[in-house]
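Working notes, beginning with the structure itself.
The values are calculated or read from the model by the stated rules, or taken from the named source; none is laboratory data. None of the values given here were measured: they were computed from a predicted structure. Here the Cβ is made from the backbone with ideal geometry for all residues, glycine too, and neighbour counts use every protein chain on show.
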Amino acid sequence: MNALLLAAAAEEQPPLIPHLDELVIGLIAFVIVFGFLAKKLLPNINKVLDERREAIEGGIEKAESAQIEAQSVLEQYKAQLAEARHEAARLRQEATEQGTAIIQEMRAEGQRQREDIIAAGHAQIEADRKSAATALRQDVGKLATDLAGKLVGESLEDHARQSRVIDRFLDELEERAVPTGAAR
Amino acid sequence: MSADQTLAFDASCHIFTKCGFPAPGLHTFIYEPVATVAGFEINKPMLLALLGSVLIVGFFWAAFAKPKLVPGKLQMVGEAGYDFVRRGIVYEIIGKKDGEKYVPFMVSLFFFVWIMNLWSIIPLAQFPVTSLIAFPAGLALVVYVMWVGLTFKKHGFAGGWKNILGYDKSLGAILPLIMLLEFFSNLIIRPFTHAVRLFANMFAGHLLIVMFTLASWYLLNGVGIVYAGASFVMVLVMTAFELFIQAVQAYVFVLLACSYVQGALAEHH
């Protein structure tokens, strides 16, 4: 029975006493692992881990600088925008003022022209009236002498005196008319 | 080699066949040498140990031989394992500045212990190499030599002894007693418990798995089949549990190694 043989062997080998061959082989096995890992593989990966960390840190730095740049550009842009707004407001204000001034000027000009036209109209009317009055006076004088001549039977035209009589008559008429006009 | 020799028990033995239960015991942990190389009687655990080493180196070679800035899948897994030991254990216990020097050793130690434990549930291997005291003892010895050496290197001869023995004047009259206790606790008990903690856990775990496995086979007769089923469920449960224990024990072993090194580097308390 193999089991019995092994049981017998177990009595020779108490479980807490290390078997020397196993101890040595175990240490050799461990040294194999430690040798490869410590001398080659872990330094390898450490290098890459460091590189990676640097790459990540570099990336972060780059991102930060980009952000700072973006911030400054944004501020610049905002300042420009504010300036442009200010300029626009100023222009608008100016335009409004100019518009008001122009309207006032135009109004004043219109007023002036209207007055001129009215004044010209008045002057024209006065002139017409005067010429009409003069023409009427002559016509009235002429008609009156003609009538008188027909009535008397002889011509009175040639006599200067006659004209003075007519003028005097007309002046009297006017003088009579003026006080009545003034009284009215 | 007959089935009996391979399985280390009588394969035809079942319940109700006037055959006693072939209970596992110390003999379960004895392997006959399969070859003799350079004076070493090579047996299955030794082969597993060497094969395990090759596998660990193979894995890390595949992962880290040509590392890339943007890691592939294998490199990522390797980095995760490496980082777990580096940050999770070494930096935590010893500190980043002092600990960096010991990272390669601790990483090797962790993966070595873990893979040696893991053999327990790998089909065909099915034997935790660390359940033989020689393997944990060898590793514990290396750690022991390392931290004792470090203590004297860092603090000098007298300072080193003060550090190990917990020399503290304020203790007064009980100082000699404390120093005696510390002497035994640090120099004699500590390496022993360090090795035995790992050994005993793996030993017990393996014994349980073997016991339930043998029972599943042994009970496979008549009404015993029901119990065989229950026993087999226990095999599965214990296997899953062992998977957890293996990692925990590897972690604890390295954690303790780090704490010993940290104690050696610390100013005397």
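Would you say residue B:221 is surrounded by fewer than 16 Cβ atoms within 10 Å (Cβ to Cβ) and either touching a residue at least 24 places away in the same chain (Cβ under 8 Å) or of a type in the set (D, E, K, R) (or both)? For residue B:221, the condition - surrounded by fewer than 16 Cβ atoms within 10 Å (Cβ to Cβ) and either touching a residue at least 24 places away in the same chain (Cβ under 8 Å) or of a type in the set (D, E, K, R) (or both) - is met. Per the listing B:236, B:207, the residue uniquely within 14 Å of chain A (Cβ to nearest Cβ) and closer than 30 Å to residue B:49 by Cα is B:207.
Selection within the stretch B:56-69: residues that are more than 7 Å from every other protein chain (Cβ to nearest Cβ) and buried (at least 16 other Cβ atoms within 10 Å of the Cβ). The member of this set that is modelled with the lowest pLDDT is B:63.
The condition of being within 17 Å of the chain's Cα centre (by Cα) and free of Cβ contacts under 8 Å to residues at least 40 places away in the same chain holds for only one of A:91, A:74, that being A:91. Tell me, which residue of the stretch B:128-174 that is assigned to a loop (DSSP other than H, G, I, E, B) and not β-branched (Val, Ile, Thr) is farthest from the other protein chains (Cβ to nearest Cβ)? Among those that are assigned to a loop (DSSP other than H, G, I, E, B) and not β-branched (Val, Ile, Thr), it is B:168. Yes or no: the stretch B:165-179 includes at least one residue that is of a type in the set (A, V, I, L, M) and crowded, with 19+ Cβ neighbours inside 10 Å. Among the residues of the stretch B:165-179, at least one is of a type in the set (A, V, I, L, M) and crowded, with 19+ Cβ neighbours inside 10 Å, which makes the answer yes.
Scan the stretch B:216-239 and give yes if some residue there is modelled with pLDDT under 95, under 30 Å from residue A:33 (Cα atoms) and either in a helix (DSSP H, G or I) or not polar (S, T, N, Q) (or both), otherwise no. Yes, that holds for at least one residue. Scan the stretch A:25-53 for residues that are more than 7 Å from chain B (Cβ to nearest Cβ) and either within 60 Å of the chain's Cα centre (by Cα) or within 13 Å of residue B:46 (Cα to Cα) (or both) and the total you get is 4. With respect to (1) under 24 Å from residue B:262 (Cβ atoms); (2) within 14 Å of chain A (Cβ to nearest Cβ); (3) small (Gly, Ala, Ser), the lone exception for residue B:200 is condition (1).
Within the stretch B:70-94, the set of residues being at the interface with chain A (Cβ under 10 Å from one of its Cβ atoms) and not in a helix (DSSP H, G or I) comprises B:70, B:71.
Set side by side, the residues B:253, B:203 differ, and just one is assigned to a helix (DSSP H, G or I), of a type in the set (Phe, Trp, Tyr), closer than 20 Å to residue B:132 by Cβ and touching a His at 6+ places or on another chain (Cβ under 9 Å), which is B:253. The set of residues from the stretch B:72-106 being surrounded by 17 or more Cβ atoms within 10 Å (Cβ to Cβ), within 16 Å of residue B:259 (Cβ to Cβ) and in contact (Cβ under 8 Å) with a residue 24 or more places away in the chain comprises B:85, B:89, B:90, B:93, B:94, B:99, B:102, B:105, B:106.
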